[in-house]
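Some notes on the structure that comes next.
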Amino acid sequence: MTGISVENIAKRFGDVAALKGVALDVAPGEFVSLVGPSGCGKTTLMRIIAGLEMPDAGTVRIAERDVTGLRAADRDVAMVFQSYALYPHLTARQNMAVPLVMRRLNGWQRIPFLGARLPGTRNIVANIADEILRTAQMLSIEALLDRRPGQLSGGQRQRVALGRAIVRRPKAFLLDEPLSNLDASLRVQTRKEIVELHRRVGASTVYVTHDQTEAMTMSDRVAVMMAGEILQIDPPERIYGDPADLRVAAFVGSPSINVFDASVETGGRVAVDGYATGLATRASGRVVFAVRPEDLAPDQRVGMPARVEHIEFLGESLLLHARHARTGTAMIARLDGRERGAFAVGHDLLLRPDTARAFLFESGGKRLRAERMAQSAAEPVHG
Amino acid sequence: MADAAIHRVAATAAVRAPIGEAAAAWLLTAPAIVAFVLMLLVPTIAVCLLALTDFELGVPTFQFVGLDNFAELMRDRNFAIPVRNTAFFVALVAPLSILMGLVLALLIEANPRGRTFFRAAFFLPVVSLMVAMATAWQYLLHPTIGPVNAILRDLGLATPNWLGSSEWALISIGLISIWENAGFNMVLIMAGLTAIPRELYAAAEIDGARSAWARLRLVTWPLLGPTMLFVVLITTIRAIRTFDTVAALTQGGPNKASELIVYTIYREGFTYLRMGYASAMTVVFLAVVLGLMALQTRLIERRTHYG
Ligand SMILES: Nc1ncnc2c1ncn2[C@@H]1O[C@H](COP(=O)(O)OP(=O)(O)OP(=O)(O)O)[C@@H](O)[C@H]1O
Ligand SMILES: [Mg+2]
């Protein structure tokens, strides 16, 4: 049983390959975020799921039904646009009525004045009014129903757009960066409300954002997309703690993960400029060693030699910006904010990665399964 | 050294200071104000004043006659006919040329191939000299050698004397005006169409607006409102002040059948040289046009204001 299922979708715009064989499965009622940098194809994928764009190859299924050839109006999807796309000449109430009126009334019944006199119209219209009111209560926008979009604030408009999308209880729910036009505090609040709303409505949801915090906090699973490909789809904690690709590791987490050029030495031991990391691999040649800022800490005895360049005090934590003494690689360590007095710009120190939480990647970016070596092997090779 | 530099800077600032923001504003708007006063305000006031006199071109003296000119106008059959003609003309030209412009714009917009060609083709009448175009129309509509009548004859239909008969002259001028204004309106409406956000059509499609007609009613038509207000106003004005086609093709004839107000004013003032009387006509004309504009704006703006 799937809510939304996308297989092998490819799409080109002239010379630009916007999507290169994308696959994505969303279970019924699941909330999946689609994150990635600007231009990676998120909107294009959404438009293809919605039926606003036809893919060059691949299939789209919604609630087990192959809808690849169907147009948007015939798929059971609702979409919230980044710009909200509310009809400016209609009130909030009328905006929310449009999807219901278009689906439940036929062309004759929609004719002004005349339509209202046709048999059945009155009943349907009364039902529609009821459903709008119920949805409006859910979003607490009852008081705004008779205003036009021009008379609403950005956040209110966004709610009306949400209302228009959920009022007809779609099987699939698509949101394209719905929060990007809101200010920071409103964004945090609306984030929570959307999650809550999703829990109540229960439709399969794809949520596009390029804000990783949104993706990590809201979703059941996160799909990280880059250059027209989905690199990894996993629950947030695995996206963060077990990235499948260096680009995923680098995209998720702030400040970004520390990345070191490393070499594989005898016995598969991985070393960064002579420092034995304590990881081993079957691969050979150059690899990439990566460790998150919170897993890098000063050590008295062993570690990578570094000089402190800049200290950022964030209150509960402290960001130590340093540079590798020999290779010049920039690194950031996140420390407890109470250690503030212990460091000064220009200090030389040893920074030691937590081997258990570091990652190895091929130079091409794919994750390498590393083995941890015995404690004794983790001692410095020299100096 | 440094001191000198500072003094120099201070001195420049002191020189600049007297030209305040307000003065600069006046300076910048001055050309527009002068042009407005010289070219619009003064002539309008002059016309209003002249309308109260019996001024005739070439006659050295003139007298203040009060509202006599207006009283004469009310009784003048020679003024009543062009007023009626103009009303008929506007009622014919404005709706049809707006409708045609709209249909052309929607068709061209729906089929992007050949867009530039069609746009240029239909805009041609606007940029070409109407007097020159009139010559072409004179040939096309010629009762005996004109291609229009040749086709009608081949089809076995009646062949009216388009520009020469009193039943058809005004209608013929109207058809030419429709052809001219439709292209103009099409370009205005196309500009309005491109200003409609694409995402609204996507939203309409997702909301279940299956047919082109449903999307037209839900999105295009309402969002075109402000553009249409402008189109209706400008077309009405352009129709009311039609002059060149009449002057070039029929001179108002036959028997005043195709005489429009502006042509009457022109003849009264520059053929009969009765400037005072012509000015009175102009004042009435101006008042009617302004009243019409105010009415239309009021009526339509109420329905297109999305505030
Ligand atoms: N209609 C189009 N014509 C041509 N190229 C397009 C079209 N739509 C998208 N593209 C291209 O396809 C690629 C993906 O675009 P898309 O809008 O899906 O990116 P996105 O991930 O949504 O970016 P953003 O985060 O900035 O919204 C981009 O390189 C873009 O230039
Ligand atoms: Mg996008």
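Summary table below
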item	result
Residue-averaged [θ]222 nm for chain B, counting only DSSP H segments that reach four residues, each worth -39500 (n - 2.57)	-21500 deg cm²/dmol
Relative contact order (%) - chain A, alpha-carbon pairs under 8 angstrom, separation at least six	16 percent
Point-charge dipole on Cβ atoms (K/R +1, D/E -1) for region A:255-377, about Cα centre, debye to 20	360 debye
Per-bin percent of Cα-Cα distances, region B:37-122 [5 Å]	3, 11, 10, 11, 11, 11, 9, 8, 8, 7, 6, 3, 1, 0
Calculated log₁₀ intensity ratio I(q)/I(0) where the Debye formula runs over C-alpha points of the protein assembly as shown, q = 0.05, 0.08 Å⁻¹	-0.47, -0.89
Magnitude of the charge dipole, the protein assembly as shown, Cβ model with Lys/Arg +1 and Asp/Glu -1, debye to 20	1320 debye
For chain B, with +1 on Lys and Arg beta carbons and -1 on Asp and Glu, the positive-most of B:GLY66, B:LEU193, B:SER211 along the dipole	B:SER211
Longest to shortest principal axis, alpha-carbon extents of chain B, angstrom	98, 74, 37
Residues A:ILE132, B:ILE300, sorted so that the one with the fewest Cβ neighbours within 10 Å comes first	B:ILE300, A:ILE132
Neighbour-count order for A:SER180, A:SER33, A:SER140, A:SER5, fewest beta carbons within 10 angstrom listed first	A:SER140, A:SER180, A:SER5, A:SER33
Region A:88-104 - phi-based ³J(HN,Hα) in whole Hz, Karplus 6.51/-1.76/1.60, Gly and Pro as x	x, 8, 10, 6, 3, 4, 5, 4, 6, 6, 3, x, 6, 4, 5, 8, 9
Cross-link table A:LYS20/A:LYS171; A:LYS11/A:LYS171; A:LYS20/A:LYS42, entries beyond 21 Å C-alpha to C-alpha	A:LYS20/A:LYS171; A:LYS11/A:LYS171
A:ARG301-A:LEU319 pseudo-label distance in nm [points 7 Å out on the Cα-to-Cβ vector]	3.2 nm
3J(HN,Hα) from dihedral phi, region B:213-221, Karplus parametrisation 6.51/-1.76/1.60, rounded to Hz, x for glycine, proline	5, 5, 6, 4, 6, 7, 10, 4, 4
Using θ = phi - 60° and Karplus 6.51 cos²θ - 1.76 cosθ + 1.60, couplings along region A:285-295 (whole Hz; Gly, Pro as x)	x, 8, 9, 10, 9, 10, 9, 6, x, 6, 9
For chain B, size of Cβ-based charge dipole, Lys and Arg +1, Asp and Glu -1, in debye	640 debye
Hydrodynamic radius of region A:255-377 per Kirkwood, over alpha carbon pairs, in Å	14.7 Å
Chain B - percent relative contact order, Cα under 8 Å, separation 6 or more	27 percent
Dipole of region A:4-246, positive end: most advanced residue of A:VAL6, A:GLY154, A:THR68 [Cβ charges, Cα centre]	A:GLY154
Excluding exposed DSSP-loop chymotrypsin sites (Phe, Trp or Tyr not before Pro) (at most 12 other C-beta within 10 Å), longest clean stretch of chain A	A:114-383
Amide H contacts under 5 Å for A:VAL208, placed H, 5+ residues apart	A:LEU34, A:LEU175, A:ASP176, A:GLU177
Peptide A:76-84, shielding by other chains (average Cβ, 10 Å cutoff)	3
Dipole of the protein assembly as shown, positive end: most advanced residue of A:ALA322, B:THR86, A:MET373 [Cβ charges, Cα centre]	B:THR86
10 Å Cβ neighbours from other chains, averaged over peptide B:208-219	4
A:ASN8-A:ASP242 FRET efficiency (beta carbon distance; Förster radius 25 Å; 0.05 resolution)	0.50
Computed over region A:255-377: relative contact order in percent, which uses C-alpha pairs under 8 Å that are six or more apart	29 percent
Long-range HN-HN contacts of A:MET225 with modeled amide H, under 5 Å	A:VAL35, A:GLY36, A:LEU231
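Only the coordinates and a few stated rules stand behind these numbers; no lab work does. What you see is a predicted model, and the numbers here were worked out from it, not measured in a lab. All Cβ positions, even for glycine, are placed from backbone atoms using ideal geometry, and neighbour counts span all protein chains on display.
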